[in-house]
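The values are calculated or read from the model by the stated rules, or taken from the named source; none is laboratory data. As the structure is a computational prediction, the values presented were derived from the model and not from experiment. Backbone-built Cβ (ideal geometry, glycine too); neighbour counts: all protein chains shown.
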Amino acid sequence: MTINVGDKVPEATFTPFGPDGPKPVTTAELFAGKTVGLFAVPGAFTPTCSAKHLPSFKEKAAELKAKGVDTIACVSVNDVFVMKAWGKDQGVGDDILMLADGNGDFTRKVGLEMDGSKFGMGARSQRYSMIVKDGVVTSLNVEQGGEYRVSSAEYMLAQL
């Protein structure tokens with residue numbers, strides 16, 4: 001079952017790479033008392049994700065924060081080291097929190113898993129974005145098929 005607007009995000013643990021290495025962060029820690037602009041991609045270093053999706057949030061980070069977003073977070077079913085390397089490659093710095101959902105636990109719990117087996121990628125996340133305020137989803141934008149439109153930073157900005 002897919003998460004909906006008005007639902008509380010499920011309990012799960014992500015792994016970002018911090019100054020002291022990988023350090024788990026729970027959804028409770030990430031979302032409590034904050035407005036989070038979260039977007040998910042099928043894979044780090046993949047064409048649309050690297051050429052459009054992540055760059056749109058990097059480019060619009062200041063505008064999103066000016067409209068009340070405390071944290072911009074990117075989620076992918078990749079390991080923490082891949083997410084660290086991708087963030088470095090894309091020059092995200094402190095603008096975007098790169099969250100590894102290595103086992104896909106969060107992705108499954110929100111009901112937005114996709115089968116990327118025909119591309120040799122296994123279980124991955126669908127492309128989507130959501131605005132989460134104090135742990136509750138206030139906006140959810142899931143792409144259909146291979147599209148890239150409603151999960152962009154520009155679309156999220158229009159919703160704030």
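Please find, within the range 48-77, the residue that is surrounded by the most Cβ atoms within 10 Å (Cβ to Cβ) out of those that are at pLDDT below 95 and under 21 Å from GLY104 (Cβ atoms). First the steps, then the outcome.
So in the range 48-77, the residues at pLDDT below 95 come out as 48-52.
Imposing the further condition that a residue be under 21 Å from GLY104 (Cβ atoms) reduces the set to 48-50.
On the way: THR48: 16, CYS49: 22, SER50: 16.
Only one residue tops the list, namely CYS49.
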*Within the range 35-80, can you find the residues that are among the charged types (D, E, K, R) and touching a Lys or Arg at 6+ places or on another chain (Cβ under 8 Å)?*
ASP70
*From (1) surrounded by fewer than 17 Cβ atoms within 10 Å (Cβ to Cβ); (2) closer than 17 Å to GLU154 by Cα; (3) of a type outside the set (Asp, Glu), pick out the condition that doesn't hold for ASN103.*
(2)
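Quick check on this structure: which one of MET130, MET156, MET114 is in contact (Cβ under 8 Å) with a residue 40 or more places away in the chain, of a type outside the set (Asp, Glu) and farther than 25 Å from ALA28 by Cβ?
Working: MET130 fails: farther than 25 Å from ALA28 by Cβ; MET156 fails: farther than 25 Å from ALA28 by Cβ.
Sole residue among the options that is in contact (Cβ under 8 Å) with a residue 40 or more places away in the chain, of a type outside the set (Asp, Glu) and farther than 25 Å from ALA28 by Cβ: MET114.
Please go through the range 133-153 and give me each residue that is assigned to a strand (DSSP E or B) and free of Cβ contacts under 8 Å to residues at least 40 places away in the same chain, ordered by number. Lay out the reasoning, then the answer.
Filtering the range 133-153 down to residues assigned to a strand (DSSP E or B) leaves 133, 136-142.
ASN141 - this is the single residue of the range 133-153 that is assigned to a strand (DSSP E or B) and free of Cβ contacts under 8 Å to residues at least 40 places away in the same chain.
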*With the range 1-108 as the region, which helices (runs of 4 or more DSSP H) entirely inside it contain at least 3 residues that are in contact (Cβ under 8 Å) with a residue 12 or more places away in the chain and in contact with a helix residue (DSSP H, G or I) (Cβ under 9 Å, 6 or more places away or on another chain)?*
54-59, 61-66, 80-90
*asked:* Just the residues that are in a strand (DSSP E or B) and either surrounded by 20 or more Cβ atoms within 10 Å (Cβ to Cβ) or under 12 Å from the mean Cα position of the chain (by Cα) (or both), please, taken from the range 109-132.
replied: ARG124, SER125, TYR128, SER129, MET130, ILE131, VAL132
*asked:* Only one of LYS84, LYS65 is in contact with a Phe, Trp or Tyr (Cβ under 7 Å, 6 or more places away or on another chain) and either more than 19 Å from GLN126 (Cα to Cα) or of a type in the set (Asp, Glu) (or both). Can you tell me which?
replied: LYS84
